[in-house]
Each structure stands twice: as C-alpha cells, then as structure tokens.
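The values are calculated or read from the model by the stated rules, or taken from the named source; none is laboratory data. Not measured: the values here are computed from a predicted model. Note that we place each Cβ from the backbone using ideal geometry, even for glycine, and neighbour counts take in every protein chain shown. To get the accessible areas, we keep the full protein, side chains included, count just its heavy atoms, and leave off ligands, DNA and RNA. Shrake-Rupley method; radii C 1.70, N 1.55, O 1.52, S 1.80 Å.
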Amino acid sequence: MKKIRALFLLCGMLITGYYSHAQTATLREGAHNFTLQWIGWDNPGKVQIKKNKDGNYTVKGEQRDTQTGGFVTIDGILKVVSARELTFEGNIQTMDKNLNGGKVCDKTGTYHFLAKGARKYWRLQEMDNCEGNNVVDYVDIFF
C-alpha cells in the first residue's frame, strides 16, 4: 500500500510540475567576469546576462588585451539546463597573435558550458582552437 501511495504522490508531482519546477535553475542577471586563458585571468572582461521573456538569457561581452590585440567575444542565447550546465547558441570569437596564424577563430552554432567540481565558473566544452594541433581555448563565464 505504501508503494502505491508513493507512486501516486510521484505521479502527482510530475503532473503538476512540482518536481521539474524544484529542479529549475536561474542565472544571476547583470555583469559576470569573462576570460580566455591566452589573455589571462587577472584582468577579466565582462559579459552582460539578461533574462528574456521566454526564460532564456541573452549574453554579450568581451575580454580584450590592449597590448597584444588578443580578444574573446561572445554574443548569443544561454539556456539553463541545470545550475552547473548551460547551452549556448550564438557566436564566440577568439584571437591570439600566436595561434591560428593570428587569425580570428570563429565559432557559430550551439555549444555547451559546464561548471565541474568546485569551479565557480562555466567553461566552454568545445575547446578546440581553429589552429588544431591540440590547442584549446578555455573560455569561462564566472558565476
């Protein structure tokens, strides 16, 4: 009898959306630090995150190195999968004079950001730089 009662309770929670609502995560709107390891973590850039009416978030910003001309930019939509996982659709560009012949590495499409372990940032999971040769870009959005 207890198993049947538990089953009905679980079904009721799923039907009413209680369980899924309890699992829904949100992002903090406003400015967040934003980095690419080639530019450095000591002088982060900024991204602005703003919630849309559809529940997703716009994200736009950059980090620039005025001495070397290197940069990372991001412009698109974030969808919250969980507090530790985001899906991004849009454009990310990176450039470092010592990579990819000094050309811009342009990534347009759908990508994933994860915050693993105790990290206080989401890291882009599709890390390969356009240069190849096992060169990766650590693009990070901080909580």
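For the reader, a short list of remarks on this structure follows.
- Test result for residue 54, of a type in the set (D, E, K, R), surrounded by fewer than 19 Cβ atoms within 10 Å (Cβ to Cβ) and under 19 Å from residue 131 (Cβ atoms): no
- The residue list 48, 23 contains one member that is out of contact with any His (no Cβ under 7 Å at 6 or more places or on another chain), open to solvent by 30 Å² or more (accessible area, probe 1.4 Å) and at pLDDT below 95, which is 23.
- Qualifying residue in the stretch 67-79 (condition: within 18 Å of residue 105 (Cα to Cα), open to solvent by 30 Å² or more (accessible area, probe 1.4 Å) and of a type in the set (S, T, N, Q)): yes
- Members of the stretch 84-106 that are aliphatic (A, V, I, L, M) and surrounded by fewer than 14 Cβ atoms within 10 Å (Cβ to Cβ): 104
- Matching residues in the stretch 97-128 - criterion: being free of Cβ contacts under 8 Å to residues at least 60 places away in the same chain, of a type outside the set (S, T, N, Q) and part of a loop (DSSP other than H, G, I, E, B): 97, 103, 104, 115, 116, 117, 118, 119, 120, 126, 127
- Filter result (within 17 Å of residue 50 (Cα to Cα) and out of contact with any Ser or Thr (no Cβ under 8 Å at 6 or more places or on another chain)) within the stretch 86-97: 86
- Condition check for residue 121: among the hydroxyl-bearing types (Ser, Thr, Tyr) and either closer than 17 Å to residue 82 by Cβ or open to solvent by less than 70 Å² (accessible area, probe 1.4 Å) (or both): yes
- Filter pass, residue 132 being over 17 Å from the mean Cα position of the chain (by Cα), farther than 18 Å from residue 45 by Cα and either open to solvent by 70 Å² or more (accessible area, probe 1.4 Å) or not polar (S, T, N, Q) (or both): yes
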